[in-house]
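Chemist: What follows is a single structure, and I will ask about it in a moment.
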Amino acid sequence: MRVKWLIPLPLLLMAQVAASQPATLSGFAELPADTFRPGPTSGQFIEPANGRHPPFVGEQPVQGFSALVQGDNGAWFALSDNGFGNRNNSADYLLCIYQLYPDFRTARGGTGRIRVGKVIQLSDPGTFLPYPATRTDRLLTGADLDPESLRRSKDGSFWIGEEFNPSLVHFSAAGVMLAPPFGLAGLSSADNPAGEPVTLPRSRGFEGMAASPDGQWLYPMLEGALQGSGPGLFIYTFDTVKQRFVNRGAESPSYRYRLDDGATAIGAFTMFSPTGGLVIERDSGEGAKAVIKKIYRVDLEQLDADGFLRKYPLADLLNIADPDDLNRDGETLFTFPFWTIEGLAVLDATTLGIVNDNNYPQGQARDASGTQPDNNEFILIEVDPLWD
């Protein structure tokens, strides 16, 4: 059983004071919105947006980064989102994991560009998917799964948290599904292809998924509240060794997390120690309408009087100091006002890596004129030490 710790008032005040100091931008890189890779024609089921007129003949947009994990030798793995926003319009978008190589612009130099390396296509040749796949060749599309969270095992395989079922799905290092998706009794979204009774609204499944440092425990976190249950977002525990949830069912979470007033969802959840984690909270605004884009620090052994994880503000992504003007906009204040910010990684005790989901071609956080969709931006920020 977890121990409930009460936080001394001086420590709480120190956390609040520290949060008043803005984080600092230390690295900036971006991938142009109109970056494509060869593939089947995509965008056949969406409308024109931001000056882009689908379909994209013989191409797949490199977009929609919904999770981020650090790889080896300067590489990063970025998970593609389900495509163009929902099951009905994404059947022609091939799901994949991109290998990215950012050359961050820093105070010491750098181009600020991102190179796309290997593309790991997700597939199900073993027919583990418990419902018919979109394609006969078993390449998975945005109508089959909605991948939102990603963790890489020590053997190179990937665990993906997805929202349609929702479930956890295990893929090899080559992107091949290794087993049927792991679901949890009583957990089913409005987009569940199997047609099970709905307990979650659409797009409210496993948005975030942290992992213990040794990789044994995964902590998938719902984006929305479970219907008919108590308040808060539920966090569950999955044992990667025994390959099963330790929870008795959807209504028996391991932890509960309470959103700020005005926040509508979480964007990411990651661990930096066996019990310490970070959560991105957001509202549904973008650009000038963005109000809440924040990172909070939590500890799995610290609960408040109502049983929710205690949280402490760490960074406001709408208020980041940029003394070196790394994004070249002529300002020393940097904001990250995207609708969905879903990639978060801890590089060291004071450095975080963050990437947006640009929702191509719909995202317009940077240019409200309706002529330029958002780029994929990858930033490094410096925050107060997460550990000594």
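Chemist: Considering only protein heavy atoms and a 1.4 Å probe, what is the carbon-and-sulfur percentage of the accessible area of the stretch 28-69?
Modeler: That fraction is 56 percent.
Chemist: At a 1.4 Å probe radius, which order do Lys289, Lys242, Lys311 fall into by accessible area, largest first?
Modeler: Result of the area sort, largest leading: Lys289, Lys242, Lys311.
Chemist: Let me ask something additional. Please list 3J(HN,Hα) in residue order for the stretch 25-39, calculated via the Karplus relation 6.51 cos²θ - 1.76 cosθ + 1.60 where θ = phi - 60°; whole Hz, with x for glycine and proline.
Modeler: 6, 10, x, 9, 8, 8, 10, x, 4, 8, 9, 10, 10, x, x
Chemist: From the square roots a ≥ b ≥ c of the eigenvalues of the alpha-carbon gyration tensor of the stretch 205-292, which class results: rounded (a/c under 1.5), prolate (a/b over b/c), or oblate?
Modeler: oblate
Chemist: Can you tell me which lysines have their Cα less than 29 Å from the Cα of Lys118? Leave out same-chain residues fewer than eight positions away.
Modeler: Lys154
Chemist: Taking only the alpha-carbon positions of the stretch 265-388 and ignoring solvent, what does the Debye formula give for the base-10 log of I(q)/I(0) at q = 0.11, 0.19 Å⁻¹?
Modeler: Values, matching the q order: -0.40, -1.07.
Chemist: With unit charges on the beta carbons (Lys and Arg positive, Asp and Glu negative) and the dipole taken about the Cα centre of the chain, which residue among Leu178, Gly343, Ile120 sits farthest to the positive side?
Modeler: Of the options given, the answer is Leu178.
Chemist: Given the convex hull over the Cα atoms of the stretch 105-254, what projected area results after averaging over all orientations, in nm²?
Modeler: Average projection, Cα convex hull of the stretch 105-254: 11.2 nm².
Chemist: If you don't mind, there's one more thing I want to ask. Would you look at the GNM of the chain, springs on alpha carbons closer than 10 Å, and say which of Ala268, Ala143, Ala67 moves the most?
Modeler: Taking springs between Cα atoms under 10 Å, the residue moving most is Ala143.
Chemist: Nothing charged except the Cβ atoms of Lys and Arg (+1) and of Asp and Glu (-1): what's the magnitude of the dipole of the chain about its Cα centre? Round to the nearest 20 debye.
Modeler: With only Lys, Arg, Asp and Glu charged at Cβ, the dipole is about 680 debye.
Chemist: On to the next question. Starting from the 7 Å offset along Cα-to-Cβ, what nm value, one decimal, do you get for the label separation of Leu318 and Ala305?
Modeler: 3.0 nm
Chemist: Only bridges whose two residues both fall in the chain count here: according to DSSP, what percent of them are antiparallel, nearest 5?
Modeler: Rounded to the nearest five, the antiparallel share is 95 percent.
Chemist: Can you compute the modelled spin-label distance between Arg328 and Val241, with each label point 7 Å from Cα toward Cβ, in nm?
Modeler: Taking the two extended label points, one gets 5.1 nm.
Chemist: Which value in Å does the Kirkwood hydrodynamic radius of the stretch 79-124 take, with 1/r averaged over all unlike C-alpha pairs and then inverted?
Modeler: Every distinct Cα pair counted, the radius reaches 12.7 Å.
Chemist: Could you give the spread of the C-alpha atoms of the chain along their three principal axes, from largest to smallest, in whole angstroms?
Modeler: Between the extreme Cα coordinates on each principal axis of the chain lie 61, 53, 38 Å.
Chemist: About its Cα centre, what dipole magnitude does the stretch 21-115 give when the only charges are +1 on Lys and Arg Cβ and -1 on Asp and Glu Cβ, stated in debye to the nearest 20?
Modeler: Approximately 220 debye in magnitude.
Chemist: Find the accessible area per residue for the chain; the probe is 1.4 Å, ligands and nucleic acids are left out, and the unit is Å².
Modeler: 40 Å²
The values are calculated or read from the model by the stated rules, or taken from the named source; none is laboratory data. Here the structure is a predicted model, which is why all the values come from computation and not from measurement. Quick reminder, even Gly has a Cβ in these numbers, built from the backbone with ideal geometry, and neighbours come from all protein chains shown. SASA here: full protein model, heavy atoms, side chains in, ligands and nucleic acids out. Shrake-Rupley method; radii C 1.70, N 1.55, O 1.52, S 1.80 Å.
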